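Asker: Quick one: this structure, given as C-alpha cells, is what I'll be asking you about.
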Amino acid sequence: MNSHEISPELIAQLNTLEPHLRSVIRGQNHIIPRVASVLQRGELGFTKNNRPRGSFLFLGPTGVGKTELALAFTRCVFGADNLLRFDMSEYQTQDRLAVLLGGKQGEEGTLGQAVKRLRKGTILFDESEKAHPRILDILLQILDAARITLATGETLDLSNFYIVLTSNLGAAEVMQLQHAPFATMERHVLSRASRTFRPELFARITEKLVFNRLPYEVQLEIAESMLAAEFAFLAEKGIHLNAAPEVLPFLIQRGFHPHLGARPLRDVIEKHVRDAVASAVMDNERFTHAEIVVQESSLRLAGAA
C-alpha cells in the first residue's frame with residue numbers, strides 16, 4: 001500500500017486505538033503499545049501478502065484480560081461481530097480436526113464456514129497449548145502462509161485476519177512467584193511457552209506477550225467499569241440506576257480473587273445487581289429510576305418510582 005492510499009479516516013482511527021485499549025483493559029499497560037503497533041502495521045498494509053495481518057500469543061493467568069483484549073481490538077478495528085473464537089480444549093484429539101476443517105469431501109468445517117462468512121477480522125484460539133499436534137500443524141500453516149485447505153479441496157486466504165493464541169502456561173508457577181518482579185515472571189512464562197510450543201510455530205508469532213496479575217487496586221477499577229457497564233445495559237431497558245457509596249465495596253469484597261483475576265467480578269456484579277432489579281420489578285413494575293443500596297447481605301433498590 002502506498003502512502004497516498006492511506007486515508008485520513010484510517011489514520012484518525014489508528015491514533016485512537018492505543019488510548020481506547022488502555023481505557024478498556026486495565027492493569028496491562030506494558031502490553032497495549034505492542035499490540036497497537038502490530039495493529040497499526042497491519043491496517044496500514046505493512047505486512048506481507050502471504051501472512052496474517054499480525055499474530056499474538058497472549059500468556060498469563062486466567063481472568064487478566066487476554067480474551068478481552070482480543071475482543072476489544074477487534075471491535076475497534078473491524079466491529080463487534082468480527083471475532084471467531086475456538087476453544088482448543090475441545091480439539092485435543094485428531095478426529096476433531098475433521099470438525100475444524102471438514103471430515104469428508106463437501107464439508108467446510110467450522111473454521112472454513114466462519115472464515116467464509118467474515119472474510120476479515122480476528123481468529124482467537126483459546127488455550128492453544130491443549131490442541132492436538134495435527135491441529136497445531138494447521139496453526140503453523142496459517143501463520144506461515146495465511147492459508148488453510150478444507151476437506152472440500154478449497155484453499156482459503158487468511159491474510160485479512162489477525163491470529164491470537166492464548167495460553168495459561170506457567171500460570172500456577174507465576175502465582176507462587178507473586179512477590180517476584182514482573183520481569184522475572186515474564187522470563188519464566190516465555191521460557192515455558194518456548195519449550196511447550198514447537199519452535200517453528202513459536203518463532204512465527206509476531207508478539208508473545210505476558211499479562212500481569214491483577215492486584216486489588218486494579219480489580220477495583222475493573223469493578224467500577226463493570227458496574228457502569230451493567231447500569232448502561234439496564235438503562236437500555238428503561239431502568240436507570242445510581243449506586244450508593246457502599247455498593248462498590250460490597251461487590252469487590254465478594255468478587256475479588258487473587259488467582260482468578262477479574263472473572264468472578266463480572267458474575268458477582270451481574271447476579272447482585274440483576275437480583276435487586278428483578279426483586280424491585282416484581283414489587284413495582286412501573287419503576288424507572290432508583291438508587292441501589294446495600295441491605296444486609298444483598299443489594300436492594302431504594303426510592304423506586
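The values are calculated or read from the model by the stated rules, or taken from the named source; none is laboratory data. What you see is a predicted model, and the numbers here were worked out from it, not measured in a lab. Methodologically, a virtual Cβ is constructed for each residue, glycine included, from the backbone with ideal geometry; neighbour enumeration extends over all protein chains shown. Note: accessible area is taken over every heavy atom of the protein model, side chains too, but ligands, DNA and RNA are not part of it. Shrake-Rupley method; radii C 1.70, N 1.55, O 1.52, S 1.80 Å.
Asker: Which semi-axes, in whole Å and largest first, does the equivalent ellipsoid of region 1-76 have when worked out from the alpha carbon gyration tensor as the square roots of 5 times its eigenvalues? Walk me through the numbers before you get to the answer.
Answerer: Numbers: eigenvalues 117, 45, 15 Å².
Semi-axes from the Cα gyration tensor: 24, 15, 9 Å.
Asker: On to the next question. Return the inverse of the average 1/r over all pairs of distinct C-alpha atoms in the chain, which is the Kirkwood hydrodynamic radius, in Å to one decimal.
Answerer: For the chain, inverting the mean 1/r across all distinct Cα pairs yields 21.4 Å.
Asker: Could you work out the mean projected area of the convex hull around the alpha carbons of region 33-77, in square nanometres to one decimal? Show your work: numbers first, answer last.
Answerer: Details: hull surface 13.9 nm².
So the Cα hull casts an average projection of 3.5 nm².
Asker: Work out how far the C-alpha atoms of region 68-211 reach from end to end along every principal axis, then list the three figures in whole Å, largest first.
Answerer: Here the spans come out as 54, 34, 23 Å, largest first.
Asker: Once ligands and nucleic acids are excluded and a 1.4 Å probe is used, how much of residue 85 is accessible, expressed in Å² to the nearest 10?
Answerer: Surface accessible to solvent at residue 85 totals approximately 140 Å².
Asker: With θ taken as phi - 60° and the coefficients 6.51, -1.76 and 1.60, list the Karplus ³J(HN,Hα) couplings across region 259-273 in order, rounded to whole Hz; mark glycine and proline as x.
Answerer: 9, 9, x, 7, 4, x, 4, 4, 5, 5, 5, 4, 4, 5, 5
Asker: Can you give the net charge of the other residues whose Cβ lies under 13 Å from the Cβ of residue 197, counting K and R as +1 and D and E as -1?
Answerer: Around residue 197, the charge tally is +2.
Asker: Next question. Looking only at 149, 206, 288, which one moves most when the chain is put into a Gaussian network model with springs between Cα atoms under 10 Å?
Answerer: Maximum fluctuation in the GNM of the chain, among the listed residues, is at 288.
Asker: How much of residue 89 can a 1.4 Å solvent probe reach, expressed as accessible area in Å² and rounded to 10?
Answerer: Ignoring ligands and nucleic acids, residue 89 comes out at about 40 Å².
Asker: Sticking with this one: By a straight-distance test (C-alpha under 22 Å), which lysines pair with residue 237 as possible cross-link partners, with residues fewer than eight away in the same chain excluded?
Answerer: The reachable lysines, counting only those whose Cα sits under 22 Å from residue 237, are 271.
Asker: I want to verify the translational diffusion coefficient of region 87-170 in µm²/s; compute it with Stokes-Einstein, Rh as the Kirkwood radius over Cα pairs, at 10 °C and 1.306 mPa s.
Answerer: So the translational diffusion coefficient is about 123 µm²/s.
Asker: What list of ³J(HN,Hα) couplings, whole Hz, do you get for region 187-200 from phi and the Karplus terms 6.51, -1.76, 1.60, once you set θ to phi - 60° and write x for glycine and proline?
Answerer: Karplus-based 3J(HN,Hα) across region 187-200 equals 4, 4, 5, 5, 5, 5, 5, 5, 7, 8, 7, 4, x, 5 Hz.
Asker: Across region 42-58, in residue order, what do the Karplus-derived ³J(HN,Hα) couplings come to in whole Hz, using 6.51 cos²θ - 1.76 cosθ + 1.60 with θ = phi - 60° and x for Gly and Pro?
Answerer: Once rounded to whole Hz, the list reads x, 6, 7, x, 8, 10, 5, 5, 9, 10, x, 4, x, 9, 9, 10, 9.
Asker: Using only the Cα atoms of region 121-183, each taken as one equal point scatterer with no solvent, compute I(q) by the Debye sum, divide by I(0), and report log10 of the ratio at q = 0.16 Å⁻¹.
Answerer: Log-scaled intensity ratios, in q order: -0.65.
Asker: Which of 282, 88, 226 moves most in a GNM of the chain, Cα contacts under 10 Å?
Answerer: 282
Asker: In whole angstrom, how far apart do the alpha carbon centroids of region 36-87 and region 96-167 sit?
Answerer: The two parts, judged by their Cα centres, are 16 Å apart.
Asker: Now for a different question. Of the DSSP beta bridges with both residues in region 55-171, give the percent that are antiparallel, rounding to the nearest 5.
Answerer: On the way: 3 of 18 bridges.
That works out to approximately 15 percent antiparallel.
Asker: What residues from region 103-133 fall in the zone where the backbone N is under 18 Å from a label point 7 Å along the Cα-to-C-beta line of residue 9?
Answerer: The answer is 120-121, whose backbone nitrogens lie closer than 18 Å to the label point.
Asker: Averaged per residue, what accessible surface does region 18-99 expose to a 1.4 Å probe, in Å²?
Answerer: That works out to 42 Å² for each residue.
Asker: Where both partners of a DSSP beta bridge lie in the chain, what percent of those bridges are antiparallel, to the nearest 5?
Answerer: 25 percent
Asker: Leaving out ligands, DNA and RNA, what percent of the accessible area of region 116-170 is carbon and sulfur, probe 1.4 Å?
Answerer: The value for region 116-170 is 42 percent carbon and sulfur by accessible area.
Asker: Relative contact order for the chain: what percent, with Cα pairs under 8 Å and sequence separation of 6 or more?
Answerer: 19 percent
Asker: Check which residues have an amide H placed less than 5 Å from residue 243's amide H, if you skip close sequence neighbours.
Answerer: Residues meeting the criterion, in which the H sits 1.01 Å from N, are 292.
Asker: Pull out the extension gain between residue 16 and residue 231, defined as 0.36 nm times the separation in residues minus the alpha carbon to alpha carbon distance; nm, one decimal.
Answerer: Here the segment from residue 16 to residue 231 would lengthen by 74.9 nm.
Asker: OK, next. From the alpha carbon gyration tensor of region 146-305, can you work out the equivalent ellipsoid semi-axes (sqrt of 5 times each eigenvalue) and give them in Å, largest to smallest?
Answerer: 43, 24, 11
Asker: Next question. Pull up all non-local amide H partners of residue 65: gap of 5 or more, or a different chain, and H-to-H distance under 5 Å with H placed in the peptide plane.
Answerer: Hits under the 5 Å cutoff: none.
Asker: Taking the inverse of the average 1/r across all pairs of different Cα atoms in region 15-129, what Kirkwood radius in Å do you get?
Answerer: 15.6 Å is the Kirkwood radius here.
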